[in-house]
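Right, one structure below, let's go through it.
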Amino acid sequence: MKIAPSMLACNFSEMGNEIKKITKAGADLVHMDVMDGNFVPNISFGAGIIKSLRKLTHLPFDVHLMILKPLLYLDEFATSGADSITFHIESESNPFNTIKKIQKLNKKAGISLKPDTDIAKVLPFLPFIDIILVMTVEPGFGGQNFLMSQLAKIEKLRNIINDNKFNCVIEVDGGINFDTVKLVQKAGADICVAGTSLFKSENMHEAIQKMKNF
Ligand code: DX5
Ligand code: ZN
């Protein structure tokens, strides 16, 4: 299992040090939650902050756009140092145009879906994307409880991806801790995002290792 700590849960006044801490602790990716106060009822940070952190780590930046019009901001996030850009299927941008533009910018393209969104909505795009990001909480806030109802969705996606040999990884986001990581691993996830559980742990290195190899 690859682990992507979410910067949403870090100490915002110490973002530079937090990213160094994640790197030393053995994280695989850095997850950046971008929220616009429209698509979700919360505002986090944008491309300027991401850019300022880019030089502090070699880890890939996994940018999760929870914004209404992702297509309009892709250049900005690509320039900020994103390695993958994931947008929501429920956003207002045309999914095919958004995927095409992300890949034209030489970034991995991801689609995310909210807990109430049926997987039928993302199936047409699976052959073309690099990441499918399954939300296991309502997007907008860290620290929520994992929604068990989403495990079946992860399993279905795993089967579809395997059966069709699609080149797409399954990432799971929300409420991941030492218990839920086991459930999503069993369901077929490749990458787990973890915010609160990692940043609240006393020893981030131990916590990440425990999640990777339980
Ligand atoms: C929620 C974000 C998540 C969040 C996860 O909208 O997409 O990445 O930071 O936080 P935890 O791990 O605390 O649920
Ligand atoms: Zn996220």
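Net charge dipole, the chain: roughly 520 debye, given to the nearest 20, about the Cα centre with Cβ charges of +1 for Lys and Arg and -1 for Asp and Glu. Dipole magnitude for region 31-106: about 300 debye, using +1 per Lys or Arg Cβ and -1 per Asp or Glu Cβ, origin at the Cα centre. Bridging of K101 to lysines at a Cα separation below 29 Å is possible for K2, K51, K55, K69, K114, K121, K153, K156, K165, once same-chain residues fewer than 8 apart are set aside.
Look at the alpha carbon pairs under 8 Å that are at least 6 residues apart: their mean separation over the length of region 1-90 gives a relative contact order of 27 percent. Packing around the peptides 61-68, 201-208, taken as the average count of other Cβ atoms within 10 Å per residue, puts them in this order, highest first: 61-68, 201-208.
Hey, can you list the DSSP H helices of the chain whose Cα span along the axis is 24 Å or longer and whose average Kyte-Doolittle score is at least -1.0?
Counting only whole DSSP H runs, no helix qualifies.
Express in whole angstrom the spacing between the alpha-carbon centres of region 119-156 and region 167-190. Using only Cα atoms to place each centre, the spacing works out to 10 Å. Go ahead and set up a Gaussian network model of the chain, Cα springs under 10 Å, then flag whichever of A187, A109, A152 fluctuates most. It is A152.
Percent relative contact order of the chain, based on C-alpha pairs within less than 8 angstrom and at least six residues apart? Don't skip to the end; give the middle numbers.
Working: 437 pairs, mean separation 45.3, N = 214.
Relative CO of the chain lands at 21 percent.
Positive-end ranking of S112, P60, V40 along the dipole of region 1-151, with charges on Cβ about the Cα centre, is headed by P60. For the chain, the mean residue ellipticity at 222 nm estimated from helices alone is -9000 deg cm²/dmol, where every DSSP H run of n ≥ 4 contributes -39500 (n - 2.57) and the total is divided by all residues, rounded to the nearest 500. Shown in residue order for region 72-77 are the 3J(HN,Hα) couplings computed by the Karplus curve 6.51 cos²θ - 1.76 cosθ + 1.60 at θ = phi - 60°: 6, 10, 5, 4, 4, 6 Hz (x for Gly and Pro). Peptide packing: for 170-176, 2-8, the average count of neighbouring Cβ atoms within 10 Å per residue gives the ranking 170-176, 2-8, highest mean first.
Readers should treat all values here as calculations from the given coordinates under stated rules, not as data from a laboratory. Bear in mind the structure is a predicted one, so any value in this text is a computation, not a measurement. A quick note on method: Cβ atoms are made from the backbone with ideal geometry, for glycine too, and the neighbour counts reach across all protein chains shown.
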